[in-house]
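These notes are about the structure you will find just below.
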Amino acid sequence: MIHNTILPEAGKGAAMEKINGTNLGNWLVLEKWMCDLVFHGTDAEDETWLARLLPPEELAARMKEHRETYVAEEDFRNIASHGLNLVRIPVPYFIFGDRPPFTGCIEYLDRAFHWAEKYGLKVLIDLHTVPGSQNGYDNGGITGVCKWCTDRKEVDFALSVLERLAERYASHPALFGIEVLNEPISFSVYMTAPSTGKARDKEEAKGSGYVPMRCLKPFYKKAYQVLRKYLSEDKVIVFHDGFRLGRWGNFFQKENMKNVMLDTHIYIFAMENFIPFRSMWIYRLYTAFNTWLLRRASRYTPVVVGEWCIANRKAQNLYSVPGKEDECRKIFREVGKMQLKAWNTSAGQIYWNYQLLRDQAAPLDEVWKNGWDLNRCWKNDWLG
């Protein structure tokens, strides 16, 4: 998975190395499906309800244990040894510890920067959650609630978090850039998302909806201005496409934004929810269509595939069948090769996720999760 193609930076004549990275998800932003140990003894389905249900002292203790152990220096050494050059680190809006009952975690991001510099990796900071959520997913902080963009005060708070992150890390040699907001949801995705309408507190969810472009574009413009006050033009400012890769055109050029990048997330596993045919030609067709979208969008702005994985139901169905190990490996390797070739027509790719369980020897609770874990992909020789 080593790719050293050089691409031009947006708005500049310089060049940058092809991104070849992995996400450190479920470390500073919890996602229960990946590793539910922190949630034991509660019926919380997301980080917000975990914080509401646990006593403050117990919450702080659980979060400290998780953050101290889930990612360590050895992981950065491992990532670098496999030829990767970047880690994307999801962070929560309460990273600075100023939104009780949540506990802050800025010291762990400091550690990550130290380890990244030591092993020659770059860091993309990704603001993964905002108050009231931008997508209604558990990865947005609270399931079934999506009303952040309707609250001016909370929009401004998100900008303040971005500003403090930029001020803190602007001069750090390991900083690649800052991603303004992860996965602000579109109308079509909101209407089909399994989390929509599944809020634990129905009253709290009132007023939820998708994030329209009329809200997203002004927020992106303001975020760029806030970040560029601190970030020199060699640092990249990344904007998620909001599940609308084809809608941005020359927006960033018209707004005179320098060295920016679009992030898009592409999952075969998600596609299979709508197209239940488990055949390689469907995967090729899906990958080819997304390659066309990437090339089309890249005419205006560099695009990175910031989340993807090799998980697919065709291989999953063979994973635990005795004697089918080679066939399973063949499918995973073909799907991986197909996607890497496609996604590297863009500015690069960042695998989701580096790991699910810290203990790589422990079996995952469900077979389908194995392809999401990059460490297990390496161990099983699924990515050539």
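Values in this text are rule-based calculations from the coordinates and carry no lab data. In this text, all values refer to a predicted model and were calculated from it rather than measured experimentally. Methodologically, a virtual Cβ is constructed for each residue, glycine included, from the backbone with ideal geometry; neighbour enumeration extends over all protein chains shown.
So here's what we get for this one:
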read-out	value
Test item: Cα-centred dipole of the range 273-375, Lys/Arg +1 and Asp/Glu -1 on Cβ, debye	560
Potential lengthening between E233 and R52 on full extension [0.36 nm per residue; Cα-Cα distance subtracted]	61.1 nm
For the chain, built as a Gaussian network whose Cα springs stay under 10 Å, the top-fluctuating residue of S81, S186, S208	S81
Euclidean distance between Cα centres, the range 131-210 to the range 250-320, Å	21
Simple Cβ-charge dipole of the chain, Lys/Arg +1 and Asp/Glu -1, about Cα centre, in debye nearest 20	1600
Pairwise FRET efficiency - A362 versus K217, Cβ, R0 = 41 Å, nearest 0.05	0.40
Theoretical FRET efficiency, 1/(1+(r/R0)^6), r = Cβ-Cβ of S279 and S188, R0 25 Å, to 0.05	0.50
Simple label model, 7 Å out from Cα along Cβ direction - E117 to D381, nm	4.0
Distribution of pairwise C-alpha distances over the range 205-261, 5 Å bins, in %	4, 16, 29, 23, 14, 8, 4, 2, 0
Helical contribution to [θ] at 222 nm, DSSP H n ≥ 4, -39,500 (n - 2.57), averaged over the chain, rounded to 500	-11000 deg cm²/dmol
Among Y224, V238, W248 - extreme Cα towards positive end, dipole of the range 221-274, charges at beta-carbon	Y224
Cα pair distances of the range 170-226 binned at 10 Å [whole percent]	18, 36, 28, 15, 3
Where only C-alpha atoms are counted, convex hull volume of the range 225-375 per residue in Å³	134
Ratio of the Cα radius of gyration of the range 129-197 to 2.2 N^0.38 Å, where N counts its residues	1.27
Given charges at beta-carbon only (K, R positive; D, E negative), |dipole| of the range 142-218 in Debye	220
Evaluated at q = 0.17, 0.24 Å⁻¹: base-10 log I(q)/I(0), Debye formula over Cα of the range 306-352	-0.52, -0.82
The range 332-359-the range 37-95 distance, computed between alpha-carbon centres (Å)	22
Prolate/oblate/rounded call for the range 189-311, Cα gyration tensor, a/c under 1.5 rounded	oblate
Dmax and Rg, reported as Rg then Dmax, of the chain (C-alpha, Å)	19.8, 59
Residues whose placed amide H lies under 5 Å from that of N20, excluding near-sequence neighbours	N85, L86, Q349
Of all DSSP beta bridges in the chain, antiparallel share, percent nearest 5	10
Kirkwood estimate for the range 55-147, i.e. one over the average of 1/r between Cα atoms, Å	14.5
Candidates H40, H172, H114, ranked by Gaussian network fluctuation over the chain, Cα under 10 Å, top entry	H40
Pairwise FRET efficiency - A170 versus E203, Cβ, R0 = 30 Å, nearest 0.05	0.15
